[in-house]
Amino acid sequence: MTQILPNNTAGERKPWRGASEAPFVRIRDLSKRFAEIPAVDDVSLDIWKGEIFCLLGGSGCGKSTLLRMLAGFEAPTSGRIEIDGQDLSNVPPEVRPTNMMFQSYALFPHMTVEANVAYGLRREGMRRAEAMDRTADMLRLVQLSGLEKRRPHQLSGGQRQRVALARSLVKRPKLLLLDEPLGALDRKLREETQFELMNIQDRMGITFIVVTHDQEEAMTLATRIGVMDAGRIRQIDEPRVVYERPANRFVADFIGTVNIFEGTVDAAAPDAMRVRTPEGPVLVRPLKGLRHNQSVAVAVRPEKMSLTREPTGADNQLQATVVDYAYMGDVTIYKLALPGGRTLKVSKANHGLEARPISWDEPVHVGFSTAAGVVLTA
Amino acid sequence: MSHVAGSPRMSWRRWLVVAIPMLWLGVFFLLPFIEVARISLADPALARPPYTAIWADGRFTGDLENFLFLLSDSLYVNAYLSSIRFAFVSTVLALLIGYPMAYAIARAREPWRTVLLFLVILPFWTSFLLRVYALVGLMNPTGPINQLLLWLGLIGEPLVMRQTDFAVYVGIVYTYLPFMILPLYAVLSKLDDALLEASADLGAHPAVTFLTVTLPLSLPGVVAGAMLVFIPSIGEFVIPALLGGPDTLMIGQVLWNEFFSARDWTVASAVAVAMLLLIVLPILWLQKMMEPAR
């Protein structure tokens, strides 16, 4: 990833690491079944005030259903949702302290931008003049001043996205739910809007729960990520922990690219543990609680492997042949074949214009340190 | 911007596409209308056809006498006003009954949705005349409705339903209800659920959501349905003839009487032309109303 990751200001405060602060959103044993098929399966989750929590997963993993239960559009089959100590199980959407930004934006096509944003305030019974003042402030914040009288169909996709954001923020909800907020935007606009979203979140101090299938978006925005699969949460952690220390094979494989070596625990030394694999022994950092001969997997990210023509003396060494490669500018991604036949992916940083870059069919040496591998037991 | 028009061949083809409906309307609407308009300007004559020519010896001999006659006799003005009243009240009733039905069908799950839509269209499979006769039978003093009410003890003697304005309203609303339901269904079924959820999310109770989101967005369907009920109702002949009483006055009956009983083709044609104008004007007005919504 070439883009510079912004620093989450909310990330400086990490209440989920200590137990002193009570969670703001408390989800307990939450399940939702549609005709006996579980969409959300026994999810428990705590989210603290001021977080940008990303629910990340592929389509059909249950992340949108979970969000819709928080908004009140779906009733849970079982389990509890509490926000700020209030049980929301039987609270209809119109009286919940949450607002939602819809994936399709769901702007009212027969109303102006201004009327769309003021809609929620007017429903609270706020007087017209006051509602219009608040609306104008909100439109200024999302940089839409001057477009008050336009209708949604007269706006660009990016402008519509801002109207939807303004409309969902104007009531200052305790919790803002965002369903693929940047999904409909093109790449450049998406990157700009990510920063803006974080800026606004920081300024207004609202807790965000964001549903996304885009891992880059989740990495950039989130204070923490919940990776979902088949209705269950497979790992909840800070973005860099999810990437560097995935909890299981699913998360390791889902986030980024990974090479997985299946094997069994062989012998542990104080500073390294050996895992027996079909590709040869792999040395990793020792992990407590493992039995001898227990089957485990070692996950190694492509950028943590070195690729050279000569052996390097790294902790782990493998010989391979180049099958294919793709020059990406900042890195070149190599697809390698091991003698056993399986393939590896290795990315090599490009430091300049090489006279003779490693190319097809060349025999190469792959190396990685004991620290590079992550042992997965699940 | 000359390039917008495209090549000459393209515009020729475009003309062909427009020409077919134009030709159809010309042959089946415009020519007969010109004929009727011509007769309306002529004088009656004891001849075959029973009217004079409006063009004789190179001179225009027609006049507006027949139209002036319509204004002079209160029967015609009353019949027009009464027709508008019947059509208007029937349209409002059809809207009040049709809207909830269309809404329910649009919200129904498949396969119910298809079944319900089919049921709305089903009456068209029987002759319209037969269905109106069936209503006559139902509303007879000895008909099943009266017998049921008598049997239940709700009434002491049979209600007079046939040959009243009430029966005419029942007939018109029953006959034209599908024309109200179908356009309403078309707009309501396209309504995005996310808009209703967004409204609820922003604090609107379901009733408020209906008034602020559903109803305004279904307005094109309301207008289309209202036109489809109102316009044919004004000129309705069969329903008042079969279900109406001696006092029921509608312009379609007057037209029939002038043509076939009085055999005064010239006045009858004037009634027809005036009726057409009476129908065209509300259409133009409604279309004007619709413009800002687009």
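The values are calculated or read from the model by the stated rules, or taken from the named source; none is laboratory data. None of the values given here were measured: they were computed from a predicted structure. Heads up, the Cβs are rebuilt from the backbone with ideal geometry, glycines too, and the neighbour counts pull from every protein chain shown. Just so you know, the surface numbers come from the protein's heavy atoms only, side chains and all, with ligands and any DNA or RNA stripped out. Shrake-Rupley method; radii C 1.70, N 1.55, O 1.52, S 1.80 Å.
Compute the FRET efficiency between B:Asn78 and B:Ile34 as 1/(1 + (r/R0)^6), taking r as their Cβ-Cβ distance and R0 = 30 Å, and round to the nearest 0.05. It comes out at approximately 0.55. The largest accessible area among A:Tyr325, B:Tyr76, B:Tyr169 belongs to the first residue in A:Tyr325, B:Tyr169, B:Tyr76, and the rest follow in falling order (1.4 Å probe, all chains).
Charge tally around B:Tyr80: other residues with Cβ under 15 Å, Lys/Arg +1 each, Asp/Glu -1 each, net -2.
For the chain pair B and A, the buried solvent-accessible surface (1.4 Å probe, both sides summed) amounts to about 1700 Å².
With the whole protein complex present, A:Lys174 retains an accessible surface near 80 Å², based on a 1.4 Å probe. Eigenvalues of the alpha-carbon gyration tensor of the stretch A:269-378, scaled by 5 and square-rooted, set the equivalent ellipsoid semi-axes at 28, 14, 12 angstrom, largest first.
The charge dipole of the stretch A:257-376, taken about the Cα centre with unit charges on the Cβ atoms of Lys, Arg (+1) and Asp, Glu (-1), comes to about 360 debye, rounded to the nearest 20.
Rolling a 1.4 Å probe across all protein chains gives A:Asp202 an accessible area of roughly 80 Å². Distances between placed amide hydrogens fall under 5 Å for A:Met228 paired with A:Leu56, A:Gly57, A:Arg234, all partners being 5 or more residues away or on another chain. In the stretch A:10-251, the DSSP beta bridges split such that about 50 percent are antiparallel, to the nearest 5. Stretching B:Asp43 away from B:Trp12 to a fully extended chain increases their span by 6.7 nm, per 0.36 nm per residue minus the current alpha-carbon distance.
For the residue pairs A:Lys49/A:Lys345; A:Lys149/A:Lys188; A:Lys32/A:Lys288; A:Lys149/B:Lys288, the C-alpha atoms sit more than 29 angstrom apart in A:Lys49/A:Lys345; A:Lys32/A:Lys288.
Note on chain A: with a GNM built from Cα contacts shorter than 10 Å, the maximum mean-square fluctuation among A:Ala22, A:Ala337, A:Ala355 falls on A:Ala355. Among B:Leu23, B:Leu182, B:Leu149, the largest mean-square fluctuation in a Gaussian network model of chain B, built with springs joining Cα atoms closer than 10 Å, belongs to B:Leu23. The calculated FRET efficiency for B:Asp63 paired with B:Leu284, based on their beta-carbon distance and R0 = 35 Å, is about 0.80. Roughly what % of Cα-Cα distances in the protein assembly as shown sit above 45 Å, to the whole percent? For the protein assembly as shown, the share of Cα pairs beyond 45 Å comes to 49 percent. With kT/(6 pi eta Rh) evaluated at 37 °C and eta = 0.692 mPa s, and Rh the Kirkwood radius from Cα pairs, chain B diffuses with a coefficient of 143 µm²/s according to Stokes-Einstein.
Mind checking which aspartates and glutamates have their C-alpha under 16 Å from B:Lys190, skipping anything on the same chain fewer than 8 residues away? Once the sequence-local aspartates and glutamates are set aside, what remains near B:Lys190 is B:Glu110.
Extension gain, A:Trp360-A:Arg127: 0.36 nm per intervening residue step, less the Cα-Cα distance, totals 76.8 nm.
Phi-derived couplings, Karplus 6.51 cos²θ - 1.76 cosθ + 1.60 at θ = phi - 60°, listed residue by residue for the stretch A:62-76: x, 5, 6, 4, 4, 5, 5, 5, 5, 6, x, 7, 10, 8, x Hz, with x used for Gly and Pro.
By the Stokes-Einstein formula, at 0.692 mPa s and 37 °C, the stretch B:154-275 with its Kirkwood radius over alpha-carbon pairs has D equal to 185 µm²/s.
Here the protein assembly as shown exposes an accessible surface that is 61 percent carbon and sulfur, computed with a 1.4 Å probe and the other protein chains kept in place. Once C-alpha pairs closer than 8 Å and six or more residues apart are averaged by separation and normalised to the residue number of chain B, the relative contact order reads 27 percent. Cβ-Cβ distance of B:Val115 and A:His110, R₀ of 35 Å, FRET efficiency by 1/(1 + (r/R0)^6): the value works out to about 0.65.
Charges were assigned to the Cβ only: +1 to each Lys and Arg, -1 to each Asp and Glu. The resulting dipole of the stretch A:92-179 about its Cα centre is roughly 60 debye.
By DSSP, the beta bridges lying fully in the protein assembly as shown are antiparallel in about 75 percent of cases.
Net charge near B:Phe60: determine it from the other residues with C-beta under 15 Å of the C-beta of B:Phe60, scoring Lys and Arg +1 and Asp and Glu -1. Every neighbour counted, the sum reads -2. Dimensions of chain A along the principal axes, based on C-alpha atoms and rounded to the nearest Å, stand at 75, 49, 41, largest first. Accessible surface of B:Trp285, taken over heavy atoms with a 1.4 Å probe and every protein chain present, rounds to 150 Å². Applying 0.36 nm per residue to the separation of B:Leu159 and B:Ala104 and subtracting their alpha-carbon distance, the gain on full extension is 16.6 nm. Take the Cα of A:Lys149, step 7 Å toward its Cβ, do the same at A:Ala349, and the gap between the two points is 5.6 nm. Largest first, the residues A:His351, A:His365 sort by 1.4 Å accessible area into A:His351, A:His365.
Amide hydrogen proximity for A:Val331: with H placed 1.01 Å from N in the peptide plane, the residues at 5 or more positions away or on another chain lying under 5 Å are A:Asn350. Sorting A:Met111, B:Met101, A:Met132, B:Met22 on solvent-accessible area from highest to lowest, probe radius 1.4 Å, gives B:Met22, B:Met101, A:Met132, A:Met111. Of the residues A:Arg127, A:Arg190, A:Arg13, the one that moves most in a GNM of chain A with alpha-carbon contacts below 10 Å is A:Arg127. For the stretch A:267-311 versus the stretch B:225-290, the inter-centroid distance based on Cα atoms is 91 Å.
For A:Lys14, a cut-off of 12 angstrom between C-alpha atoms picks up these aspartates and glutamates, skipping any fewer than 8 places away in its own chain: A:Glu51, A:Asp237, A:Glu238. If you take the Cα centroid of the stretch A:130-156 and the Cα centroid of the stretch A:324-364, the two points sit 51 Å apart.
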